[in-house]
Amino acid sequence: MAAIVGEEILTTEGELIGLFLKDPVPARLSPEETVAAIKEQGGLVYLEHPYDTTRRNLREDAIERIADQIDIVEVFNGRSQPEINRRGEELRSTLGLAAGAGSDAHTLREIGSVYIEMEAFNGAQDFLAKLRRGSVVTREKRWRRLLIGG
């Protein structure tokens, strides 16, 4: 198992996640400056929980400005409503990017409620390639698989 160094970064227009970072990225940069700081480190830009109005998500006009620099769009967030997750999947599909997912756990019960099964990887670009072939697993799907033996 590998550890990925990442950071949830508050920009001047909402949050982004940088993965495979070597150094912290300062908060309160513009989205464009934040993306540049992530990319300078060979990192990946992860757009988390887009459209979730209960979070500090990146504004839609900012998403449009950096769309060609985003690597991963979260399509399933364990704390977001189904409609919000569906809209994230639509954005991911429109942009043709890799799908991200996560439990966004804030309590012990939430840990592992959503994750991605994927092959082992070596570095950021291999991670991105293998993420595209990964499968989103939710607690509901996992229990169903255990109960029916599949």
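Tabulated results
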| item | result |
| --- | --- |
| Residue in segment 80-100 that is within 17 Å of residue 6 (Cβ to Cβ), in contact (Cβ under 8 Å) with a residue 40 or more places away in the chain and not hydroxyl-bearing (Ser, Thr, Tyr) present | yes |
| Scan of segment 27-67 for residues that are closer than 13 Å to residue 15 by Cα, part of a loop (DSSP other than H, G, I, E, B) and not basic (Lys, Arg), ordered by number | 27, 29, 30, 48, 49, 50, 51, 52, 53, 54, 58 |
| Residue within segment 33-41 that is more than 30 Å from residue 139 (Cβ to Cβ), over 16 Å from the mean Cα position of the chain (by Cα), in contact (Cβ under 8 Å) with a residue 24 or more places away in the chain and surrounded by 15 or more Cβ atoms within 10 Å (Cβ to Cβ) present | no |
| Among (1) crowded, with 19+ Cβ neighbours inside 10 Å; (2) at pLDDT 95 or above; (3) out of contact with any Lys or Arg (no Cβ under 8 Å at 6 or more places or on another chain), the one test that residue 73 misses | (3) |
| Unique match (being over 17 Å from the mean Cα position of the chain (by Cα), surrounded by fewer than 21 Cβ atoms within 10 Å (Cβ to Cβ) and on the phi > 0 side of the Ramachandran plot) among 28, 65 | 28 |
| Residue count for segment 100-123, restricted to those that are part of a loop (DSSP other than H, G, I, E, B), charged (D, E, K, R) and within 15 Å of the chain's Cα centre (by Cα) | 1 |
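The values are calculated or read from the model by the stated rules, or taken from the named source; none is laboratory data. Worth saying up front: this structure is predicted, and the values here are computed from it rather than measured. A quick note on method: Cβ atoms are made from the backbone with ideal geometry, for glycine too, and the neighbour counts reach across all protein chains shown.
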